[in-house]
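Peer 1: Mind looking over this structure? Questions follow.
The values are calculated or read from the model by the stated rules, or taken from the named source; none is laboratory data. Because the structure is predicted, anything quoted here is derived from the model rather than measured. Here the Cβ is made from the backbone with ideal geometry for all residues, glycine too, and neighbour counts use every protein chain on show. Heavy atoms of the whole protein, side chains included, go into the accessibility calculation; ligands, DNA and RNA do not. Shrake-Rupley method; radii C 1.70, N 1.55, O 1.52, S 1.80 Å.
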Amino acid sequence: TPEVDILVPGYSNHASIGIMEAWPNVVLIRDGSDNIIIDPGSVIDFSVITDALARFDLGIKDITAVGATHYHMDHFRYIGAFPCARVIDRNTFTVGDRHYILRKGKISHNVKMVKTPGHTPDSVTFFVENTRDGVIAVCGDIFVRDSDFSDDFSIHSDPALNRESGLYVMNNAHRIIPGHTPMFEGLKVA
């Protein structure tokens, strides 16, 4: 049974006009022999991540794959800090200078990646199937706060498309991990 944990809880604060302090939920997915990090982000000190991994008896060399929900610096800054990991890059896994095509978005036995544009054109969601809680979605900044959609063009590149992607996530996951706030229950929305 795969397990999904928020390794480092996310944070977001508009400190003042034009300045935002933020790092994402750094998520650990354990699926059989695969240890996957999603959104290794921009925590102030990388030791926060290594210390959190140690609570699971894991080190950075134990991470087999790493990816980001989208390419905003606060979500991918430390993506290269895992030397043994395959890097998930939208349509490929990258290992060194080799790029392997992802077949049907499969990351591991129970993890698949689905394109969910709107926050950014390249946004994706990682769906983890067969967990004790059903399907868990790691979706980045589709949701600003919990299940709240925003129509703000300063937040989303395409608010209407973001809403469509968000509804897709809500209809296909029992629990949802957004970019910066705690996990919440998926809703069946028409």
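Peer 1: How far apart, in nanometres, would the label points at residue 172 and residue 1 be if each is projected 7 angstrom from Cα along the Cα-to-Cβ direction?
Peer 2: Here the answer is 2.4 nm between the modelled labels.
Peer 1: Quick check for me: using +1 on Lys/Arg Cβ and -1 on Asp/Glu Cβ, what's the dipole size of the chain about its Cα centre, in debye to the nearest 20?
Peer 2: 660 debye
Peer 1: Let me ask something else about it. Work out the P(r) tail for the stretch 43-137: percent of alpha carbon pairs separated by more than 16 Å, whole number. Before the final figure, lay out each step's value.
Peer 2: On the way: 2777 of 4465 pairs.
For the stretch 43-137, the fraction of Cα-Cα distances above 16 Å is 62 percent.
Peer 1: Listed highest first by mean packing, meaning other Cβ atoms within 10 Å per residue, what order do 48-54, 114-120 come in?
Peer 2: Sorting 48-54, 114-120 by mean packing, highest first, produces 114-120, 48-54.
Peer 1: Right, something else. In nm, to one decimal, how far is the residue 48 label point from the residue 103 one, both placed 7 Å along Cα→Cβ?
Peer 2: If labels sit at residue 48 and residue 103, their model points lie 3.9 nm apart.
Peer 1: Among DSSP beta bridges lying fully in the stretch 58-122, give the percent that are antiparallel, nearest 5.
Peer 2: Close to 80 percent.
Peer 1: Could you please state how large a percent of the accessible area of the stretch 43-173 is carbon and sulfur, counting protein chains only and using a 1.4 Å probe? Let's see the in-between values first.
Peer 2: Working: 3500 of 6610 Å².
It is 53 percent, rounded to a whole number.
Peer 1: While we're on this one: Could you tell me the calculated FRET efficiency between residue 55 and residue 114, based on Cβ-Cβ distance and R0 = 35 angstrom, to the nearest 0.05?
Peer 2: About 0.75, to the nearest 0.05.
Peer 1: Assigning unit charges at the beta carbon (Lys, Arg +1; Asp, Glu -1) and nothing else, what dipole magnitude in debye, to the nearest 20, does the stretch 78-135 show about its Cα centre?
Peer 2: Magnitude of the dipole: close to 220 debye.
Peer 1: Could you compute the FRET efficiency for residue 95 and residue 184, with r as their C-beta to C-beta distance and R0 at 25 Å, rounded to 0.05?
Peer 2: It comes to 0.15.
Peer 1: As a test, work out the antiparallel percent of DSSP beta bridges whose residues both lie in the chain, rounded to the nearest 5.
Peer 2: 80 percent
Peer 1: Now for a separate question. By its C-alpha gyration tensor, with a ≥ b ≥ c as the square roots of the eigenvalues, how is the chain shaped: rounded for a/c under 1.5, else prolate for a/b larger than b/c, else oblate?
Peer 2: Numbers: a/c = 1.44, a/b = 1.21, b/c = 1.20.
The shape class here is rounded.
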